[in-house]
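Asks: The structure's right below; bear with me while I get my questions together.
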Amino acid sequence: MKGEITVSRKLPEIKKRKDGYYEQKITVSTNIRKSVYGATPTEVRRKARELIAEAARYDISNVKKMTLEAYMTHWLEDVKKTELKPSSYDRVEQSLKYQIFPAIGHIQINALTSNDVQKMINTIISEKSYSTAKKAYNNLNACMELGVQRGEILKNPVKGVKLPSSKVKERKEITAYSPEEIAAIVEEAKRTYKNGAPVYRYGYLIVLILNTGMREGEPLYLKWKDVDLEKHRIYIHGNIVEVKNREDDAKSKYKIIEQDTPKTDKSTRYIPLNDNAVDALEHLRSIIRDKERVIATKNHTITSPRKVYKTMECILKKCGITDKENLVHALRHTFATTLIRNGVDIKAVSEILGHEDVSTTLNTYHHVVEQQKHSAVMTLNNLY
């Protein structure tokens, strides 16, 4: 039957990837090649059988009757799941679940119009943000474009939709701590009991992030071999993320993943260490006592980003700071803001942060940069 999806009978061998996972590629007759991943060969074979069974039931005559929610759910699970990192998959799923489906998910796939999509985009921009709207736009467009290529959708309704110019997109106010708040946070993070034992296992990690501007998952990946105290620098080349655990026999809702592929090309970098950072690392060595990892649990396993967040939450509560968002990430913002306000070149700040290019840094910290411009011009009052 024309349009029906079939799967090749002969499956290629299962290969082990560099990240420790196993992979098997399956070719679908619509020129779509899918990869199935798993922690074991048995898991890969099971997922491959499920994919074959699903493909056998997948008929284009049914596709045309699907709602957008049903169609995009298939797209998410059958196409994107094999293409994306788990953390990226979670973000796409959130976009569908909270932005697209509530607005237009009930509409039949071939009844969806550009006007429906435009209204959704306009609402997201007014109620949420430009970046949230753009993610929804991109996800919907990718799904619809694939549907057109397969012959399942008559036309892509996203084609007639306009996003505002990037020149007028909003710039969010960043969350950073004041000098007084930082002093209180550092004092509390370093606090010890009467016997000298640290109150917080990860207290000095908070101090380290504050003095290096690392993303919250980067120090959790850091190994002692990446630390050069003689040259006063650390080598960043990986990240730890926590994602939904989608395994059938999962015992916990989330699982921790080591990502040795950086967020951007510039994420792999050296960060110079000041005396505060060196002191924090030395304390972490004596507190954590792990031969390989700078940060680890008492059982010498990978530390969850959630535990670091909880530590920061406890510290802020003790300090009476209750008006902040993105508690740990705000340390990174504080680091960058402090550098810029003290006259450090924006390109140098961008490189330390691991931004893809300096425009990202300028856009993120534009409020601080504007303040610096104003202050710079005002100095002329004392010269002329």
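What follows draws every value from the coordinates through simple rules; no lab data is involved. Nothing here was measured: the structure is a model prediction, and the numbers come from that model. Note that we place each Cβ from the backbone using ideal geometry, even for glycine, and neighbour counts take in every protein chain shown.
Asks: For the chain, just say rounded, prolate or oblate: build the C-alpha gyration tensor, square-root its eigenvalues into a ≥ b ≥ c, call rounded for a/c under 1.5, and beyond that prolate if a/b exceeds b/c, oblate if not.
Replies: It is oblate, given that a/c is not under 1.5 and a/b is not larger than b/c.
Asks: How much length, in nm to one decimal, is gained on full extension between E325 and I107, taken as 0.36 nm per residue of separation minus their Cα-Cα distance?
Replies: Going from the current span to full extension adds 74.9 nm.
Asks: Please give the net charge around V158, taking every other residue with its beta carbon less than 14 angstrom from that of V158, where Lys and Arg add +1 and Asp and Glu add -1.
Replies: My count for the surroundings of V158 gives +4.
Asks: Roughly how many whole Å is it from the C-alpha centroid of the stretch 304-328 to that of the stretch 235-299?
Replies: 18
Asks: Okay, next question. Roughly how many nanometres apart are two label points built 7 Å out from the Cα toward the Cβ at K253 and S375?
Replies: 4.3
Asks: A further question follows. Just report the Cα centroid separation between the stretch 105-150 and the stretch 77-102, whole Å.
Replies: Here the two parts' Cα centres lie 14 Å apart.
Asks: Pop a pseudo-label 7 angstrom from the Cα along the beta-carbon direction at both T301 and T42 and give the gap in nm to one decimal.
Replies: 2.0
Asks: Place +1 on the Cβ of every Lys and Arg and -1 on the Cβ of every Asp and Glu in the chain, take the dipole about the Cα centre, and give the residue among H300, A111, Q99 whose Cα lies farthest towards its positive end.
Replies: A111
Asks: Could I ask something else about it? If you average the sequence gap of Cα pairs under 8 Å that are 6 or more apart and divide by the length of the chain, what percent do you get for the contact order?
Replies: 13
Asks: For the stretch 61-166, what class follows from the C-alpha gyration tensor (a ≥ b ≥ c being the square roots of its eigenvalues): rounded when a/c is under 1.5, otherwise prolate if a/b is larger than b/c, else oblate?
Replies: oblate
Asks: Can you tell me the 0 to 90 degree angle between the C-alpha axis of helix 86-95 and the longest principal axis of the chain, rounded to 10?
Replies: That works out to roughly 70 degrees.
Asks: Quick one: helix 366-378 against the long Cα principal axis of the chain, what's the angle to the nearest 10°, folded into 0 to 90?
Replies: Compared with the principal axis, the helix lies near 40 degrees.
Asks: With a ≥ b ≥ c the root eigenvalues of the C-alpha gyration tensor of the stretch 179-335, is it rounded (a/c under 1.5), prolate (a/b larger than b/c) or oblate?
Replies: rounded
Asks: Here's a follow-up. Angle, helix 130-150 long axis vs. longest principal axis of the chain, Cα atoms, 0 to 90°, nearest 10?
Replies: Once rounded, the angle reads 30 degrees.
Asks: For the chain, with only Lys/Arg (+1) and Asp/Glu (-1) charged at the beta-carbon, what is the dipole magnitude about the Cα centre, in debye rounded to 20?
Replies: With only Lys, Arg, Asp and Glu charged at Cβ, the dipole is about 1000 debye.
Asks: Suppose a student asked you for the relative contact order of the stretch 126-207, using Cα pairs under 8 Å spaced at least 6 residues apart; what percent would you report?
Replies: Once divided by the residue count of the stretch 126-207, the mean separation gives 18 percent.
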